[in-house]
1. Given segment 1-66, what helices (runs of 4 or more DSSP H) lie entirely inside it while holding 2 or more residues that are in contact (Cβ under 8 Å) with a residue 24 or more places away in the chain?
2. For segment 67-77: of the residues being touching a strand residue (DSSP E or B) at 6+ places or on another chain (Cβ under 7 Å) and assigned to a helix (DSSP H, G or I), which is surrounded by the fewest Cβ atoms within 10 Å (Cβ to Cβ)?
3. Kindly list the number of the only condition in (1) aliphatic (A, V, I, L, M); (2) surrounded by fewer than 19 Cβ atoms within 10 Å (Cβ to Cβ); (3) at pLDDT 90 or above that fails for residue 47.
4. Residue under question is residue 61, and the condition is that it be buried (at least 16 other Cβ atoms within 10 Å of the Cβ), within 30 Å of residue 161 (Cβ to Cβ), at pLDDT below 90 and in the same structural domain as residue 98 (by TED's automatic domain parsing); does it hold?
5. Do we find that residue 110 is buried (at least 21 other Cβ atoms within 10 Å of the Cβ) and modelled with pLDDT of 90 or more in this structure?
6. Out of all the residues in segment 94-111, which are in contact with a strand residue (DSSP E or B) (Cβ under 8 Å, 6 or more places away or on another chain) and under 24 Å from residue 165 (Cα atoms)?
7. Among (1) of a type in the set (A, V, I, L, M, F, W, C); (2) farther than 26 Å from residue 28 by Cα; (3) assigned to a loop (DSSP other than H, G, I, E, B), which single condition is residue 89 missing?
8. Would you check which residues across segment 78-93 are touching a strand residue (DSSP E or B) at 6+ places or on another chain (Cβ under 6 Å) and at pLDDT 90 or above and list them?
Amino acid sequence: MIRIFVIEDHPVTVTGLRSMFKPSRDRIEVAGSACSVKDVPESGEDASFDLFILDLWLGESDPLENIKYLRQRFPEKPVIVYTSEISSLWQRTMMTAGVRAYLIKTGVKREIRAAIEKVMAGGSVFSLPFRPVAGAGQKKPFAEIPDGITESHIEIIRMVSMGYPLNRIAVDKGTSYNNIAKSLGRIRKVFGAENNPDLIRIAISQGLI
């Protein structure tokens, strides 16, 4: 029996997964659920489930911070991201962060079941084709880049989207952590983004990364 713990803030999705898998028939069951990663220790014991199914976007939380928290708190439990986000860049970012599968919510039962079984067997499943990451020399049309945003700023956004910590970005850019943090603040202001995940979504939607 494969026991999954679902972290999802939309009850209809949790209900759908419970209905999708019948323990006696599929040998898969939803052993527990929570609305945020911080609720997991209170909602389920470590030994009561085998893997996580995690929504990418949970309220205002940062997807990368959610993965980091789960990997620190439950290092032996694989994480499957189950999302409506069809950006191959986010799939790549989650893969880099240590996620074992990236599944789109429109997938059919047999695909989801096969992915769960493959992850439990030690494999990985990424359902979107990978889009090549633009190199530093590939410039976007000027009209797509807001005033005050440079190619260096775009590269910072790209590195954040790939999960690089700010101190690593600072080293790569030859500057300080504080300068990168201040630059990100100015970049978010230009794009009208409330936080880094929001900034990444805007940059992806505009074709900048």
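The values are calculated or read from the model by the stated rules, or taken from the named source; none is laboratory data. Every value quoted in this text rests on a predicted model; they were computed, and no experiment measured them. Note that each Cβ is placed from the backbone with ideal geometry, even for glycine, and that neighbours are counted across all protein chains shown.
1. Details: elements: 11-20, 23-26, 40-43.
Hits in segment 1-66: 11-20, 40-43.
2. Checked segment 67-77; the qualifying residue surrounded by the fewest Cβ atoms within 10 Å (Cβ to Cβ) is 70.
3. The number of the failed condition is (3).
4. Numbers: buried (at least 16 other Cβ atoms within 10 Å of the Cβ): yes; within 30 Å of residue 161 (Cβ to Cβ): yes; at pLDDT below 90: yes; in the same structural domain as residue 98 (by TED's automatic domain parsing): yes.
Here the answer is yes, as residue 61 does meet what is asked.
5. Here the answer is no, as residue 110 does not meet what is asked.
6. Selection gives 94, 95, 98, 99, 100, 101, 102.
7. Residue 89 satisfies every listed condition except (3).
8. Listed by number, the residues that qualify are 78, 79, 80, 81, 82.
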